[in-house]
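Presented below is the structure to which this report refers.
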Amino acid sequence: MSFKCMVCLILNFVKIYFERNYMKRYAINKLIEWKNGSNRKPLIIRGARQVGKTWLMKEFGKTEYKKVIYINFELDKLMCDLFSLDFNTKRIIEGLELTHSKINTTNTLIILDEIQECPKALTTLKYFYENAPGYNIVAAGSLLGVALHEHISFPVGKVDFLDLYPLSFMEFLDAIGEGNFIELLKSPKSLNIKVFKEKYIEWLKKYYYIGGMPEAVSTFVETNNFQKVRKVQENILDAYTKDFSKHISSTGKLKIDLLWESVPSQLTQESKKFVYKKIKSGARADEFEEALSWLINCGLIYKINRITKPALPIKAYEDTKAFKLFILDVGLLCALSKLPARTLIDGDKIFTEFNGALAEQYVLQQLKTLEEMEIAYWISKSGNAEIDFVIQTDGYVIPVEVKATTNLQAKSLKVYREKFEPEISIRTSLADFEINNGLYNIPLYMAGKLDEILKDGR
């Protein structure tokens with residue numbers, strides 16, 4: 001065996017060891033619910049490139065099924081041909097059994113990866129639901145690819161969806177071996193949280209810099225080296241920009257590049273409303289509309305619309321022309337902004353960098369992982385008050401004010417509370433947990449538990 005091969009084997013072993021022993025994705029519980037559901041449809045996992053879709057599907061198959069049939073349409077033209085002839089599910093199953101193994105409807109998981117590379121396979125999911133619902137089928141493909149095939153006969157209403165995001169802060173704690181401290185956060189009033197507060201803050205600092213992209217987290221776990229983490233992040237960003245070049249015309253790529261690169265600077269503004277003229281002088285909305293839509297559909301940015309009135313349903317009060325943009329991961333935001341690793345050890349500087357933009361990005365990222373939650377933001381007509389996020393959850397419309405440190409002065413939240421008299425308001429900061437007259441002060445490191453805290457408090 002050559003030295004190169006030996007190195008590859010060792011690296012692969014390390015990767016497998018990490019995945020088996022450290023990586024925990026809470027989405028696996030959703031997959032188990034799907035498996036046990038009474039009206040199970042083929043499942044499509046949506047998410048940006050490199051958020052861990054393939055690993056999640058394989059891990060699910062490995063832990064919950066006796067057999068897994070894995071197909072990657074990007075690499076396997078024969079399988080694409082099998083799915084492309086017609087929509088006869090019996091013939092397709094027969095073909096899979098010829099090339100793989102006998103398929104049992106109770107113990108076999110069929111994984112269709114990079115499904116956007118075989119458009120007819122995507123359409124076939126409809127016929128599996130209608131004609132062969134017993135089969136366990138999970139599919140995935142980056143939103144990048146799916147967005148490029150809008151002409152495909154998409155199986156609307158015939159598939160289930162699961163959105164996958166970068167690792168949340170809670171998943172990050174699990175990955176770095178501090179999962180025991182997650183349980184403590186289920187009791188937000190516990191005095192032990194105050195005892196270990198500085199630990200939570202130190203872990204939060206690391207999460208701000210590392211983020212939740214699986215490869216970045218695994219690199220940190222394996223090396224404890226922030227420079228190597230940054231290299232991984234830069235490689236991910238480079239892969240994204242290469243995707244731009246691969247699928248978009250040179251003119252379109254230029255617009256996507258300009259918009260993508262402007263997001264960090266836009267988030268540093270006092271009002272984080274996205275302004276097209278800050279992309280370049282004279283830029284117009286219609287000029288960058290396609291680029292914006294493309295980045296959203298690829299899962300690389302999140303668009304949070306302004307609402308004119310905080311009332312149910314908040315979707316009805318959205319002003320889609322006024323919005324804020326965030327990227328998919330706080331660690332990638334740090335890398336895109338060239339934030340140096342020294343900020344981690346420079347007191348609480350990382351919390352105040354970019355006018356608190358990292359804190360707002362972080363909170364948005366945790367909110368995105370919570371189920372059944374609509375997210376918007378609010379600004380007064382006079383412009384003298386702005387609420388970072390307004391969420392709709394469990395029949396409540398709740399303002400969420402993000403403070404980067406322990407500063408609890410929240411003028412905008414005071415204006416909002418006086419005007420709308422919400423039953424519940426939230427302020428996130430580095431201050432300790434407290435509930436006072438419907439105002440919840442939730443420490444930033446508890447943001448991922450917000451839904452549980454609200455349920456317990458009501």
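Here is how the numbers come out for the structure above:
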{"quantity": "Proximal lysines relative to Lys414, as straight alpha-carbon distance under 23 Å, when same-chain residues fewer than 8 apart are discounted", "calculated": "Lys272, Lys273, Lys309, Lys324, Lys381, Lys403"}
{"quantity": "Difference of contour (0.36 nm per residue) and Cα-Cα distance, Lys90 to Ala239", "calculated": "49.8 nm"}
{"quantity": "J(HN,Hα) series, the range 159-166, from Karplus relation 6.51 cos²θ - 1.76 cosθ + 1.60, nearest Hz, glycine and proline x", "calculated": "9, 9, 10, 9, 8, 10, 10, x"}
{"quantity": "Estimated FRET transfer efficiency (Asn39, Asp456; beta-carbon r; R0 41 Å; 0.05)", "calculated": "0.85"}
{"quantity": "DSSP bridge pairs, the chain: antiparallel proportion in percent, nearest 5", "calculated": "45"}
{"quantity": "Theoretical gain in end-to-end length, Thr352 to Thr320 [0.36 nm per residue, Cα-Cα removed]", "calculated": "8.6 nm"}
{"quantity": "Listed values (i) 35, 28, 21; (ii) 37, 26, 24; (iii) 34, 25, 21, entry calculated as semi-axes √(5λ) of the Cα gyration tensor in Å", "calculated": "(ii)"}
{"quantity": "Sequence-distant residues sharing a close amide H with Arg49 (under 5 Å, placed H)", "calculated": "Leu143, Leu144"}
{"quantity": "Two-decimal Rg to Rh for the range 374-435 - Kirkwood Rh, Cα set", "calculated": "0.95"}
{"quantity": "Sorted by Cβ neighbour density within 10 Å, fewest at the top, the residues Ile442, Ile424", "calculated": "Ile424, Ile442"}
{"quantity": "Gain upon complete extension [Ile345, Asn192; 0.36 nm per residue less C-alpha separation]", "calculated": "52.6 nm"}
{"quantity": "Karplus 3J(HN,Hα) series, Hz, for the range 314-322 with 6.51 cos²θ - 1.76 cosθ + 1.60 (x for Gly, Pro)", "calculated": "5, 4, 6, 10, 6, 9, 5, 8, 10"}
{"quantity": "The range 394-458: GluC sites (Glu not before Pro) falling in loop per DSSP and having at most 10 other Cβ within 10 Å", "calculated": "Glu423"}
{"quantity": "Kirkwood hydrodynamic radius of the range 110-254, Cα pairs, Å", "calculated": "18.8"}
{"quantity": "Span-like helix ranges in the chain, DSSP H, alpha carbon extent 24 angstrom or more, Kyte mean at least 0.0", "calculated": "3-21"}
{"quantity": "nm² value of the averaged projected area, convex hull over the Cα atoms of the range 31-124", "calculated": "6.2"}
{"quantity": "Helical contribution to [θ] at 222 nm, DSSP H n ≥ 4, -39,500 (n - 2.57), averaged over the chain, rounded to 500", "calculated": "-14500 deg cm²/dmol"}
{"quantity": "Amide H contacts of Asp160 (H built 1.01 Å from N, under 5 Å, at least 5 apart or other chain)", "calculated": "Lys41, Leu43, Ile44"}
{"quantity": "Mean-position separation - Cα centroids, the range 193-221 and the range 228-275, in angstrom", "calculated": "24"}
{"quantity": "For Ala322, residues with placed amide H under 5 Å, excluding near neighbours", "calculated": "Arg306"}
{"quantity": "Pair Glu178, Leu408: separation of 7 Å Cα→Cβ label points (nm)", "calculated": "2.4"}
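Since every read-out is calculated from the coordinates, none of them should be taken as a lab result. Note that the structure is predicted; figures quoted are calculated from it, not measured. All Cβ positions, even for glycine, are placed from backbone atoms using ideal geometry, and neighbour counts span all protein chains on display.
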